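Shown next, in structure tokens, is the structure this report addresses.
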Amino acid sequence: VPALPEDWQEAGFGLYVHWPFCQAKCPYCDFNSHVAGSIDHHRWTGAYRREIARLRELTGPRVLSSIFFGGGTPSMMQAETVQAVIEAAHEAWDLANDCEISLEANPTSAEAARFHEYAAAGVNRVSVGVQALNDNDLRRLGRMHDATEALNAVETARDIFPRVSFDLIYARQDQTLSAWKDELETALDLEPDHLSLYQLTIEPQTAFGSLARAGKLHGLPDEDLAADMYDLTQELCDKAGLPCYEISNHAPEGQQSIHNLIYWRYGDYAGIGPGAHGRLTLSGQRHATEACRNPGAWLEAVEGGHTPEVSVQPIPPVDQAREYLMMGLRLSEGVSLSRMDKLSRNSLRSEKLDMFQGMGLLMQVDDRLQATPRGRIVLNAVLRELMED
Ligand SMILES: C[S@@+](CC[C@H](N)C(=O)[O-])C[C@H]1O[C@@H](n2cnc3c(N)ncnc32)[C@H](O)[C@@H]1O
Ligand code: SF4
């Protein structure tokens, strides 16, 4: 078993690239994604390159363990743009030998037809947004693909990329436990090396959010059914050799997403693109960065030679301890108590620690504090009580 990182330096360094466009807006999605009439790919390529050069000035030389193209729908990007970003990152920093280069892809046949070009550009891992494996539900989720296209896209991806993950959303409208069982079994039969399985969340600022407020979003599972679905998910994934390493992410040892692990192990990452967040250690001080969300304003700022960031803040040690705890307890490996202590002494309420251990929601294994599978379901409530104000 590889040693777990004890500090941000050991938790890796990643580059997140946000592509803010989609073909259509899905009714459940509150990510920073927009439907645009026309996209000037050349301008976006230039702006990403400029941002990488600016960040390199700030970070100095570092070893990059991951590049992640997220969105939005990065499979709308031209392969030339993807290649230019990878080349710019390569010029700016040293790339680790096993540098993970991931791209989020939607599974329409038009997008799958570009997979070859992305691989030639340097992408070595795709995460395919399958979401559901039946056509009726895909329509209700506002998706542009059907189930056959999704299965074909996963097959194509497996032929082309060394590593393939895909996403499903469960606890959907009118979904039964046995329907989810069938769907997840079909998914596992495809033998992916990584699966992201999210419970449908109703976000307030979305079309589903408005429907829910108007009392018109019917057929959502109650808490008991959602909990049964979660338990079934753990059971089937465990049996298939894809245990959960984070609340919603499943993979065998060695196939976990390097990029996701950087976030949850609270390492450093640079974020470029509209609305992108970053965590960067600059001159020994950790900073939180956040770029402006509007794609047009972001592009103009970068092209005008300005920083597109709306906020660059040093993070006080006590807030670092909170962030580390919030991220780290999502992982089955948990957090290092000595790292917590180095960041901020006594940031955990010991009486609550004992209480949650007694309730079987948290456990301590040597230096590590971990949430149990039960604890992970109610993690937000546990975190609220655990952290001193
Ligand atoms: C930012 S999306 C981008 C991926 C790509 N555009 C797509 O739609 O497949 C990342 C993932 O978050 C998940 N997701 C987004 N909104 C969600 C919601 N409200 N509830 C549950 N999962 C959600 C979906 O599974 C999606 O694949
Ligand atoms: S779920 Fe994906 S495709 Fe749909 S709007 Fe959000 S980012 Fe775009």
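Nothing in this text is a laboratory measurement; each read-out follows from the coordinates by a stated rule. Note that the coordinates shown come from a computational prediction; the quantities given were computed from them, not determined experimentally. A quick note on method: Cβ atoms are made from the backbone with ideal geometry, for glycine too, and the neighbour counts reach across all protein chains shown.
Overview of values
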quantity	calculated
Residues of the range 275-297 with amide N under 19 Å of a point placed 7 Å along Cα→Cβ from Gln78	296
Set of lysines near Lys239 by C-alpha distance (under 28 Å), chain-local residues within fewer than 8 positions excluded	Lys181
Relative contact order of the chain, pairs being alpha-carbon contacts under 8 Å that are 6 or more residues apart, as %	16
Cα-centre dipole for the chain with unit charges at Cβ (Lys and Arg positive, Asp and Glu negative), debye to 20	940
Orphan Cys of the chain, criterion: no other Cys C-beta under 4.7 Å	Cys22, Cys99, Cys237, Cys244, Cys292
Lysines whose Cα lies under 25 Å from that of Lys216, excluding same-chain neighbours fewer than 8 positions away	Lys25
Helical segments meeting 15 Å axial Cα length and Kyte-Doolittle -0.5 threshold in the chain (DSSP H)	79-92, 147-160, 177-189, 317-328
For the range 114-261, alpha-carbon Rg and Dmax in angstrom	15.9, 48
Local electrostatic count, Gln175, Cβ distance below 13 Å [Lys/Arg +1, Asp/Glu -1]	-3
Those aspartates and glutamates that a straight Cα-Cα span of less than 17 Å connects to Lys342, excepting residues fewer than 8 apart in one chain	Glu6, Asp7, Glu10, Asp319, Glu323, Asp366, Asp367, Glu388
The range 1-71: mean projected area of Cα convex hull, nm²	7.6
Summed residue charge, Cβ within 9 Å of Glu303's Cβ, Lys/Arg positive, Asp/Glu negative	+1
Proximal charge balance of Trp93 [Cβ under 15 Å; K/R count +1, D/E count -1]	-4
Low-density loop positions, GluC sites (Glu not before Pro), the range 1-88 - DSSP coil, at most 16 other Cβ in 10 Å	Glu6
Prolate/oblate/rounded label for the range 225-325 (Cα gyration tensor, a/c 1.5)	prolate
